[in-house]
1. Return the lysines within reach of Lys53: Cα separation strictly under 24 angstrom, same-chain partners fewer than 8 residues apart disregarded; answer none if there are no such residues.
2. At Leu100 and Ile29, where each label point lies 7 Å from the Cα along Cα→Cβ, what is the point-to-point distance in nanometres?
3. Counting only helical runs of four or more DSSP H residues, what would the 222 nm mean residue ellipticity of the chain come to if each run contributes -39,500 (n - 2.57) and the total is spread over all its residues?
4. Describe numerically, in nm with one decimal, the distance between label points set 7 Å from Cα along Cα→Cβ at Val107 and at Glu4.
5. Which three semi-axes in whole Å describe the equivalent ellipsoid of the chain, each the square root of 5 times a Cα gyration tensor eigenvalue, listed largest first?
6. Take every Cα pair under 8 Å in the stretch 2-137 that's 6+ residues apart, average their separations, divide by the length, and report that relative contact order as a whole percent.
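Values in this text are rule-based calculations from the coordinates and carry no lab data. What you are looking at is a predicted structure, and each value in this text was computed from that prediction instead of being measured. For neighbour counting, all protein chains shown are included, and Cβ atoms are generated from backbone atoms with ideal geometry for every residue, glycine included.
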Amino acid sequence: MALELQKGSLPTPLVVLGVAGIYDFEGLIQAHDHPAYKEFMENAFPDKTLWKKAAPYTNFSPHNLYEIAKVVVISYSDDDQLVETGQAMSMLERIELGPLPKSRVHVLKASGNHNDIWESGTILAGLITKSLEIVQNST
């Protein structure tokens, strides 16, 4: 998407909503002993040297969507048994190091375990609705 934005073929996003995101690939592997996590990452990115370039936490490109959006919302659930809260906290720390004013960065706590967020539809819809309200209130 960032490449298409550079070409001008897409509008700049108003909001980027991260939900139960994996932002720090190395951190994910370190936080979980189960081999499925390493296998998941290696299947997604067989060339481990690309992990830093692909991970939002370690990629410092000025074309990252979260650096150009009007509002950034990071959401997580304390009940998520697959993606630890530390992923969201790490990403928030990373964003604070960049050029975004703190007024553009927001946190929304979700409820339910990892699959509840996607399967019910209502949790995700609520996060999207709240994110749009944040955008509206920021203008």
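1. Within the straight-line cut-off, Lys53 pairs with Lys7, Lys38, Lys70.
2. According to this spin-label approximation, the distance is 2.6 nm.
3. Working: 8 runs with 66 residues, N = 139.
Helix-only estimate at 222 nm: -13000 deg cm²/dmol.
4. The modelled label-to-label distance comes out at 3.2 nm.
5. 24, 21, 14
6. Working: 171 pairs, mean separation 41.0, N = 136.
RCO, the stretch 2-137: 30 percent.
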